[in-house]
């Protein structure tokens, strides 16, 4: 794919379905006849109200014109805002296809913006991840990546590597000439250690973005028949987990996502824990309970007897919930949360505790998987032990290889297939 002047494309930029307005984006080398038919001036950055005839019916549309190169893609762009009926949008698609436009591939608008030097590859990925993020915590964690703060840190690493490379090249090519200061191995290694320290800090502070990155996990544990599944259903306000008087009904981990104040938590109901059982399936379920509890962000230990002692492996990090307070009130000495899954009493307090967890920032920062992999590759290259008479030459080549990895973060790629792989994961219309 080349730069400016590509064949015209279109895509729906708003979510499909019924809505007040649907937005269809257009970009590319549009013929004068297209502008003439819409009765708009090609180089006028403005908006126009136009009635489009789709054969049998028409629709009043708002047409926004963004002449290139001052547009998102760097090409001539338009947006057509029709009424948000998907039948109208489908007819608009046919109307555009008859005029020589084709439907865009996933991420093609952003790919064109990158190829036309309107955005860097990091910025393009930031756009995609910003759209994909499901929670506020993810957006906060992605902010450094999307805003360019991380780019400045990577550019600092590249700059330091280039300074070392200059010294190495001078030693290799001009060491016998007057005015070239001699550098020893320890001096070069000291500069490289500083760079390794910065790379190590980046890898520790940033983790690759995944769909469930930073989603908080709440795990319910306790003995059989204390009401874990009933509390689970009450928190979700729907019957998800099977509730029974028979001990050991829950055998597997039951998971459900609960939205809270723009955030999401994953609640997990688990098999009851007891020592006396010969049921191998139940034993397997209890093993899954222990595993789920070990990585929980909030561990809720449920009991129905205030005298029950919380097991030591859970005691230090559990929020203790006393269920069935409709049968008997909690003693004044009880310091946890008293609830009744049957009547709903106390469930709001438990939800508020979970909301506090969901809205607390983890402090973790996120980057695209591709960027994180490039940083890992750079660290691996620069961590190679080099010694002997070839130190200067081998180290210089390592720096060139490391710089190649870092520069590819910004899009200095030779392979069109690599670009296609990156942009194919973007949404249509972006």
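The values are calculated or read from the model by the stated rules, or taken from the named source; none is laboratory data. Remember, predicted model here, so these are calculated numbers, not experimental data. Don't worry about glycine lacking a Cβ; one is built from the backbone with ideal geometry, like all the others, and counts go over all protein chains shown.
Scanning the stretch 96-126 for residues that are more than 30 Å from residue 372 (Cα to Cα) and surrounded by fewer than 18 Cβ atoms within 10 Å (Cβ to Cβ) yields 97, 98, 99, 100, 102, 103.
Residues checked against (1) surrounded by fewer than 20 Cβ atoms within 10 Å (Cβ to Cβ); (2) in contact with a strand residue (DSSP E or B) (Cβ under 8 Å, 6 or more places away or on another chain); (3) at pLDDT 85 or above; (4) assigned to a helix (DSSP H, G or I):
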site	(1), (2), (3), (4)
137	no, yes, no, yes
151	yes, no, yes, yes
159	yes, no, yes, yes
162	yes, no, yes, yes
180	yes, no, no, no
200	yes, no, yes, yes
207	yes, yes, yes, no
214	no, yes, no, no
225	yes, no, yes, no
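Of all the listed residues (157, 127, 89), the sole one being closer than 30 Å to residue 40 by Cβ and outside the structural domain of residue 52 (by TED's automatic domain parsing) is 127. Checked against the criteria, residue 110 does not count as assigned to a helix (DSSP H, G or I) and without any contact (Cβ under 8 Å) to a residue 12 or more places away in the chain. Entry remark, the stretch 326-344: residues being over 17 Å from residue 301 (Cα atoms) and either crowded, with 16+ Cβ neighbours inside 10 Å or touching a strand residue (DSSP E or B) at 6+ places or on another chain (Cβ under 8 Å) (or both) number 1 in total. Taken together, the residues in the stretch 370-403 that are without any contact (Cβ under 8 Å) to a residue 24 or more places away in the chain and within 31 Å of the chain's Cα centre (by Cα) amount to 2.
Which residue is farthest from the chain's Cα centre (by Cα), if the candidates are limited to the stretch 258-275 and must be assigned to a strand (DSSP E or B) and at pLDDT 85 or above? Looking at residues that are assigned to a strand (DSSP E or B) and at pLDDT 85 or above, I get 269. Candidates in the stretch 317-350 are the residues that are in contact with a helix residue (DSSP H, G or I) (Cβ under 9 Å, 6 or more places away or on another chain) and assigned to a helix (DSSP H, G or I); of these, the one that is modelled with the highest pLDDT is 347.
Scan the stretch 238-248 and give yes if some residue there is under 30 Å from residue 138 (Cβ atoms), at pLDDT below 75, in contact with a helix residue (DSSP H, G or I) (Cβ under 9 Å, 6 or more places away or on another chain) and outside any strand (DSSP E or B), otherwise no. Within the stretch 238-248, one or more residues are under 30 Å from residue 138 (Cβ atoms), at pLDDT below 75, in contact with a helix residue (DSSP H, G or I) (Cβ under 9 Å, 6 or more places away or on another chain) and outside any strand (DSSP E or B). Of all residues in the stretch 387-394, at least one satisfies being touching a helix residue (DSSP H, G or I) at 6+ places or on another chain (Cβ under 6 Å) and surrounded by 18 or more Cβ atoms within 10 Å (Cβ to Cβ).
Among the residues of the stretch 276-305, those identified as part of a loop (DSSP other than H, G, I, E, B) and either over 15 Å from residue 225 (Cα atoms) or in contact with a helix residue (DSSP H, G or I) (Cβ under 7 Å, 6 or more places away or on another chain) (or both) are 277, 278, 279, 295, 296, 297.
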